[in-house]
1. If you go through region A:48-93 one residue at a time, how many are within 13 Å of residue A:28 (Cβ to Cβ), assigned to a loop (DSSP other than H, G, I, E, B) and among the small types (Gly, Ala, Ser)?
2. Could you list, in sequence order, the residues of region A:35-59 that are farther than 26 Å from residue A:80 by Cα and not hydrophobic (A, V, I, L, M, F, W, C)?
3. Between a residue in region B:203-214 that is touching a residue at least 12 places away in the same chain (Cβ under 8 Å) and any residue that is among the polar types (S, T, N, Q) and in a helix (DSSP H, G or I), which pairs come within a Cβ distance under 8 Å, given they are 6 or more apart or on different chains?
4. Do we find that residue A:291 is out of contact with any Phe, Trp or Tyr (no Cβ under 6 Å at 6 or more places or on another chain), within 12 Å of chain B (Cβ to nearest Cβ), at pLDDT 95 or above and surrounded by fewer than 24 Cβ atoms within 10 Å (Cβ to Cβ) in this structure?
5. If residue B:264 meets every condition in (1) more than 23 Å from residue B:155 (Cα to Cα); (2) more than 9 Å from every other protein chain (Cβ to nearest Cβ) apart from one, which number is that one?
6. What residue, of B:166, B:95, is among the aromatic types (Phe, Trp, Tyr) and outside the structural domain of residue B:262 (by TED's automatic domain parsing)?
7. Which one is surrounded by the most Cβ atoms within 10 Å (Cβ to Cβ), of the residues in region B:252-261 that are more than 7 Å from chain A (Cβ to nearest Cβ) and either among the polar types (S, T, N, Q) or in contact with a helix residue (DSSP H, G or I) (Cβ under 6 Å, 6 or more places away or on another chain) (or both)?
There are 2 protein chains.
Amino acid sequence: MVAHTGPAVPRIVGRDARQTPQSGADAIVLEIASSARAALTSAGAALADVAVAACSAPGPLDFRSGVVHEAPNLAGMVAFPLGQRLAEALGMTVFVDHDTAMAAVGEAVAGAARGAKDFVYITVSTGLGGQIVSGGRMLRGVRGTAGELGHFPVALEGPRCGCGSFGCAESLAAGRNLAEQFGVERAELVYDAAARGDRRAVALIERAEAALGNLAVGLVNALNPALIVVGGAVAEHQPEHVLGPMERAIEARAFRVPAASVRVVRADLGADVALLGSVLAARERAAGRGEWFL
Amino acid sequence: MVAHTGPAVPRIVGRDARQTPQSGADAIVLEIASSARAALTSAGAALADVAVAACSAPGPLDFRSGVVHEAPNLAGMVAFPLGQRLAEALGMTVFVDHDTAMAAVGEAVAGAARGAKDFVYITVSTGLGGQIVSGGRMLRGVRGTAGELGHFPVALEGPRCGCGSFGCAESLAAGRNLAEQFGVERAELVYDAAARGDRRAVALIERAEAALGNLAVGLVNALNPALIVVGGAVAEHQPEHVLGPMERAIEARAFRVPAASVRVVRADLGADVALLGSVLAARERAAGRGEWFL
């Protein structure tokens, strides 16, 4: 729960965190609604005090209808009307959007992308996601699912990705994928092993860096952004293995003018980016600026 | 030279084709100006009859300033003020834009993308290029160089590309690259050899198809377009090796909703697409719609 205090960064005044239920989409809706009420209580507020509500969700989803098309990591969340179900549960409009869209709005309005009208937001975390902002407008696509940058194939072969494809940037460079490929619980352990000289870990990380380099070069050549804002736990903890390779690849391999006009920067808003972004996005959407926000 | 006759497809009333001079950018400007005058003469017209002029050029370039940043295949065309130099030579404003932008405008207004506000134009020809249109707006980027889709790296390794990088879709799938890699003059000969069962040709073409598949899947996941319009000589002559692999890769590997909402179609306007598109683009730019044209 966030109190919105003007155009600056919203202030978090209450919060409640829960494990995601594994027993289906209905259980997830109930848990979100219950968590929302608990967050309000922790802030000494009630539903009647709330002007606008938003929910950040994994995708692909349609932000216009609030329908989550696919969410491989949420049990039972397929073609699910999340926005409508949350609205019923809470008795108010709930703006649903992709977690990366919420994060991009957050970074654009209050974070590392302030002032930029052409930028790409990328999160390298458990998975790899993103959003494209061009001319101050978030690129949405014809069904609102645009932005799945982690599933741009950047290799002609490679391990199977969670999305069913192969060669995806995510399959080669996201935290969960690196950990699985090395056979450990957390990506951190792969980086630790590489630092100790483990050759298998080094090879996996070199491949991840090459994939991130390809993605960065491609985005610079295709989109000519002013900024690539990189967030997510892996980027935060291993910037020299995430931002570094992207910068070096752009410098060495992208066209000269777009390479010279882009900076690769760390996201500003940290782990609360989707929470802060959701408030900002909800404010924009309530004001009728769902697609145009800069 | 094209007579503009309303909102329909412009009618070509005069033309003049020349070899591109290899002796530098000044010579290219003189030759374009001379060719423009000859085209006018062939149509029984003069410079004074011309309301608007446009020039389609390879890039990356800045359509706003008319400066061509880099054009690897045009001798001496580096950081060159093509628009200004043509304006001086012809005594009138000349709108310069990327050949793929002219083609995308042409297909959008009068060709295969009529009615689509979210589409990608791709040309598979000597080289591989493209443009992105999102929400009726051509995606330009911060310096106007966006759209170099042929230089999205889709492989972790591969032969050196003309742009200096490697793994680019162009380096694996464009006509000149295929021909060079097989050691012949024209891409057509590689397809002929593959049809006769030449294993090296088959392998090169399979790799080209895999690269096109990666590019198509990535564009669908990242941009969620309604259409991918594919033009260019290779696409025209070998649709089953260009559009086919793109369609199959999208069907097999892209996210379900964006895959179901996109069609891969052949460009409509043929070899004159950039000529027709230039007229339409010039009309739009003269009307102040340089970035917004749908």
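1. Residues flagged as within 13 Å of residue A:28 (Cβ to Cβ), assigned to a loop (DSSP other than H, G, I, E, B) and among the small types (Gly, Ala, Ser) within region A:48-93 amount to 3.
2. Start the filter on region A:35-59 by keeping residues that are farther than 26 Å from residue A:80 by Cα, which leaves A:41-46, A:48-49.
Result: A:41, A:42, A:44, A:49.
3. From residues that are touching a residue at least 12 places away in the same chain (Cβ under 8 Å), the pairs are B:204/B:181.
4. Details: out of contact with any Phe, Trp or Tyr (no Cβ under 6 Å at 6 or more places or on another chain): yes; within 12 Å of chain B (Cβ to nearest Cβ): yes; at pLDDT 95 or above: no; surrounded by fewer than 24 Cβ atoms within 10 Å (Cβ to Cβ): yes.
The answer is no for residue A:291.
5. Residue B:264 satisfies every listed condition except (1).
6. Values: B:166 fails: outside the structural domain of residue B:262 (by TED's automatic domain parsing).
Every option except B:95 fails the conditions.
7. Of the residues in region B:252-261, the ones more than 7 Å from chain A (Cβ to nearest Cβ) are B:252, B:254, B:259-260.
When the remaining residues are screened for being either among the polar types (S, T, N, Q) or in contact with a helix residue (DSSP H, G or I) (Cβ under 6 Å, 6 or more places away or on another chain) (or both), the result is B:254, B:259.
Working: B:254: 26, B:259: 20.
Only one residue fits best here, namely B:254.
Table: residues versus (1) touching a residue at least 40 places away in the same chain (Cβ under 8 Å); (2) in contact with a strand residue (DSSP E or B) (Cβ under 6 Å, 6 or more places away or on another chain).
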| site | (1), (2) |
| --- | --- |
| B:218 | yes, yes |
| B:222 | no, no |
| B:231 | yes, yes |
| B:234 | yes, yes |
| B:237 | yes, no |
| B:244 | no, no |
| B:254 | no, no |
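The values are calculated or read from the model by the stated rules, or taken from the named source; none is laboratory data. Since the model is a prediction, treat every value here as computed from it, not as a measurement. Methodologically, a virtual Cβ is constructed for each residue, glycine included, from the backbone with ideal geometry; neighbour enumeration extends over all protein chains shown.
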